[in-house]
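Structure record follows, encoded as structure tokens.
Each value in this text was obtained by applying a stated rule to the coordinates, not by laboratory testing. Predicted model only: the values in this text are computed from it and were never measured. Every residue, glycine as well, gets a Cβ built from its backbone with ideal geometry; the counts of neighbours run over all protein chains shown.
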Amino acid sequence: MTRIVPLLIFIVFAAMATVMLLNRIDPQESARFVNYPLPELKIHALGDTTTPLVIDEKTVVLNFFASWCAPCLAEHAQLVALKKKFPLITFHGIAWNDTQKNINNMLEEHGNPYDHVWGDSTGSAAIGIGLRGIPETFIVKNNRVIYHLSGPITANLRTTEIEPFLAQN
């Protein structure tokens, strides 16, 4: 009897884990359309330590990226396409844990979709906004995060989700 109890406990936990895995909601999916205040981001403009990040009433796109990040490079063409389609929307690139030289080289080679490029060399902005990894994209309006994508922007996401969302904001 004493050997059966641990086996029953294991079976119950295994069944619970199976149900949870089969019914789980993808955290990336559940976090896309959100509404929370943008925290203060302690970042610096690349090449200029005095320019603050100002988010006004307009809709803006914040994209955390790095030149050494393969998924960031994979999504870069999608950001260029978004900026081309929405030239009046301000795009802020926030380079996480990277150098100005590497970022400049990347943007020269692949195009620059950003109106402003910032640096987060200390990681304080990443921590403040709750970054899970890079790339991550935030759409902000009226100083509130209204859209958050953890992971790269794909062509499908750009056309079916982000472009319609930007068009209505």
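Taking 0.36 nm per residue of separation and subtracting the Cα-Cα distance, what length does fully extending residue 108 through residue 77 add?
Roughly 9.9 nm would be gained on extension.
Amide H to amide H under 5 Å from residue 144: which residues, 5+ apart in sequence or cross-chain, H placed 1.01 Å off N in plane?
The answer is 38.
Which trypsin sites (Lys or Arg not before Pro) in the range 81-129 sit in a loop by DSSP (not H, G, I, E or B) and have at most 11 other Cβ atoms within 10 Å of their own Cβ?
none
With a point put 7 Å past each Cα toward its Cβ, work out how far residue 100 is from residue 57 in nm, to one decimal.
According to this spin-label approximation, the distance is 3.4 nm.
Residue-wise, which Karplus ³J(HN,Hα) couplings in Hz belong to the range 107-118, taking 6.51 cos²θ - 1.76 cosθ + 1.60, θ = phi - 60°, and x for glycine or proline?
5, 5, 6, 10, x, 10, x, 8, 7, 9, 10, 10
How much length would be gained if the chain were fully extended between residue 163 and residue 88, taking 0.36 nm per residue of separation minus their Cα-Cα distance, in nm to one decimal?
Roughly 25.7 nm would be gained on extension.
Excluding residues fewer than 8 places away in the same chain, name every one of the aspartates and glutamates whose C-alpha is closer than 12 Å to that of residue 42.
Straight-line reach from residue 42, under 12 Å: 120.
About its Cα centre, what dipole magnitude does the range 27-168 give when the only charges are +1 on Lys and Arg Cβ and -1 on Asp and Glu Cβ, stated in debye to the nearest 20?
I would put it at about 220 debye.
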